[in-house]
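Just below is one structure, and these are the notes that go with it.
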Amino acid sequence: MNKRLSRRTMLRGMGVSLALPLLDAMTPAFAAAESKPVCRMLVNYVPNGMVMRDWLPASTGADFAFSRILQAMTPFRDRVVLIEGLAQHFGWPNGDGTGDHARAASTYLSGVHIRKTGGSDIAAGVSMDQIAAREIGSRTRIPSLELTCEDGRMVGVCDTGYSCVYSNNISWRSESTPGSPEVNPRAVFETLFGADDPDPAVRAVTRQRDTSILDWVLGETHSLESRIGPADRGKLDEYLTSVREIEQRIANAGRSGQPVRAPMEKPGAIPAQLSEHLKLMYDLLRVAFQTDSTRIATLMVGREGSLRSYDEIGVPDSHHPITHHQGRADLIEKVARINVHHVELFREFVASLARTPDGEGTLLDHTMILYGAGLADGNSHEHDHLPAMLVGGACGAIRGGQYLQVAPRTPIANLYVSMLGAMGVEVEKLGDSTGKIDGLGGLG
């Protein structure tokens, strides 16, 4: 018999819990609680700037042609808004001298001047994702997720006179408390599914068992299957298969013996190649959104000043040094290839959201993603004309298929005020904002 289920229904076992996707059986109960689709928000940050000549389309409006870097997004044209002219004023020195990478990351989502210090007396500003988390984070099991694909130190100096904390964080809970993004897919998986037991020793034993998390909720799975209809059983089977595939990829990464070209040791269960690492993080984000475990997330593809090399695409050079190309065509080409690679991996994530049903639409319909960077040209450390792309339907708030040019040096915080409004969080001012962005659709 098909019985009504709560949207918060979970499968539970020893030391694990498994949230569920939106099933038809949840719809009557869910509709009574929320008449509108649930909207999610992700900020996808890429480090070290962009080759802007290969980012910007040649024309504005609805007839723009995708540039080289953005070519992979062509299938999702109607879900894309490109915005040119946004700036982060506090990324510039403002009397503090060098240290552009630290400022690029740490001011990106807050629009405030940070304190230049290499010690513990850090001072930044509350980021826009955490403003959202304060307002709506209590509606989900996890108020917000902060992820990264590159581990970084939280002590010492990483950019001239600036604490490493600044280069490694775009999310800030308070002026002195960074979000400290998680780099390990296994830890993210356990946050989503296997951290019910407060005892770390119990969780460690659970991790070491040569069994799937699905085995520990098998009894409740069978019970649920007997209470839902055929369509929901199909959705459940597809979802559980996806969870198992993520598990297996994390386990395989943990057994990998591949060397990592990086200035630090490889933590356990982190894939050697960025492509596999990022795909895992994207899959975990998709599942987190699908199960309504969280509605707010940030992802740093790399920390600012990243020294990652990209052997997988034929670029063995460290990323940051080649962005200071001084006009050398061969180095510019390598940076552009890295930029293209990042967007191609992002496109796969967008495609997975488009394939995932969510109520009357898809996850892509009900998600708003900002893909961007805290620097434009990495060679000159440009904080004006930042690369910014909105992707997704944002529950009807975004009118896609357009390339907007705003007034030069418009605070990027204006975009954040608009995005927060789409999430149902109204703020009069954020950092150096002066209003909202016009022309986005319901966001303006």
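The values are calculated or read from the model by the stated rules, or taken from the named source; none is laboratory data. These numbers come from a predicted model, not from an experiment. SASA here: full protein model, heavy atoms, side chains in, ligands and nucleic acids out. Shrake-Rupley method; radii C 1.70, N 1.55, O 1.52, S 1.80 Å.
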*Residue-by-residue Karplus 3J(HN,Hα) for segment 172-186, coefficients 6.51, -1.76, 1.60, Hz, glycine and proline x*: 10, 6, 8, 5, 10, 10, x, x, 6, x, 8, 9, 8, x, 4
*With a 1.4 Å probe and every protein chain left in place, tell me how much accessible area Asp377 has, in Å² to the nearest 10.*
50 Å²
*In segment 63-112, what percent of the accessible surface is made up of carbon and sulfur (1.4 Å probe, ligands and nucleic acids excluded)?*
57 percent
*Amide H partners (placed H, <5 Å) of Leu145, local residues excluded*: Ile296, Ala297, Thr298
*Considering amide H positions built from the backbone, and no H for Pro or chain starts, which residues 5 or more places from Thr367, or on another chain, come under 5 Å of its amide H?*
Arg40, Gly393, Ala394, Cys395
*With every protein chain present, what accessible area does Asp121 have (1.4 Å probe, heavy atoms only), rounded to the nearest 10 Å²?*
80 Å²
*Would you list Glu333, Glu146 from the most to the least accessible area, probe 1.4 Å?*
Glu333, Glu146
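Structure shown: which of Lys36/Lys429; Lys279/Lys334; Lys116/Lys436; Lys334/Lys429 lie over 31 Å apart, alpha-carbon to alpha-carbon?
Flagged as over cut-off: Lys334/Lys429.
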_Suppose accessible area is computed on protein heavy atoms with a 1.4 Å probe; arrange Leu147, Leu307 from highest to lowest._
Leu307, Leu147
_Euclidean distance between Cα centres, segment 370-436 to segment 352-366, Å_ = 23 Å
*Quote the accessible area belonging to Lys36 in square angstrom, nearest 10, computed with a 1.4 Å probe and with ligands, DNA and RNA left uncounted.*
150 Å²
_In order through segment 335-343: 3J(HN,Hα) via Karplus (6.51 cos²θ - 1.76 cosθ + 1.60), integer Hz, x for Gly, Pro_ = 5, 4, 5, 5, 4, 4, 4, 4, 5
